[in-house]
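Single-structure report; data block below.
Every number here is computed from the coordinates shown, using simple stated rules; none is lab data. Predicted model, so just to flag it, every value in this text is computed and none were measured. Note that each Cβ is placed from the backbone with ideal geometry, even for glycine, and that neighbours are counted across all protein chains shown.
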Amino acid sequence: MVHNSTRAAFQHLPPKSIRIEGAATIKGRSRGRSIGIPTINVNPSCAPKGLLYGIYACFIVIAGKRYQGAMHFGPRPAFRDTLTLEVHVLDASIDQAPISVDLVLVSRIRDVLDFLSVRALKEAIAEDIRMTRAMLKRYEKDSENTDS
């Protein structure tokens, strides 16, 4: 089930977030794990219609516990691969993928890009993670200010 407050949220996300609840996980190809950036793969059909391909700062809820995540939605041109929706969970090691997850998309970071090498891809992902941390920190601070 998808919840969003306005149609414009799909284009620029803030100030409203997009929630995807009960998203089914699927087995991936372990490419993220092979380059040191493991992901939880989610069935791409769980993405709301109209969601732009890209990299997103998000929260992922696994068995009631919330984690920060960097999410990729779209094709993986660096691997000449099909459409995926996958989340790298920050600051946690998830040994076994859950059956389902909840996602809260907070901000779109960038478009899906192609890379000439795995090294260039990893450098871009490192920057995505840095930006994810900053965006989620700001989102939580803003949420605290509106709750008071």
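Observations on the model:
- Annotation: amide H of Ile109 within the under-5 Å range of Ile55, Tyr56, Ala57, sequence separation 5 or more or interchain, hydrogens built in the peptide plane.
- For the stretch 22-70 versus the stretch 102-122, the gap between their alpha-carbon centres in whole angstrom: 12 Å
- Its Cα centre serving as origin, the stretch 19-107 has a Cβ charge dipole (Lys and Arg +1, Asp and Glu -1) of approximately 220 debye.
- Packing-based ranking of 95-101, 67-73, 42-48 yields 67-73, 42-48, 95-101, ordered from highest to lowest mean Cβ neighbour count within 10 Å.
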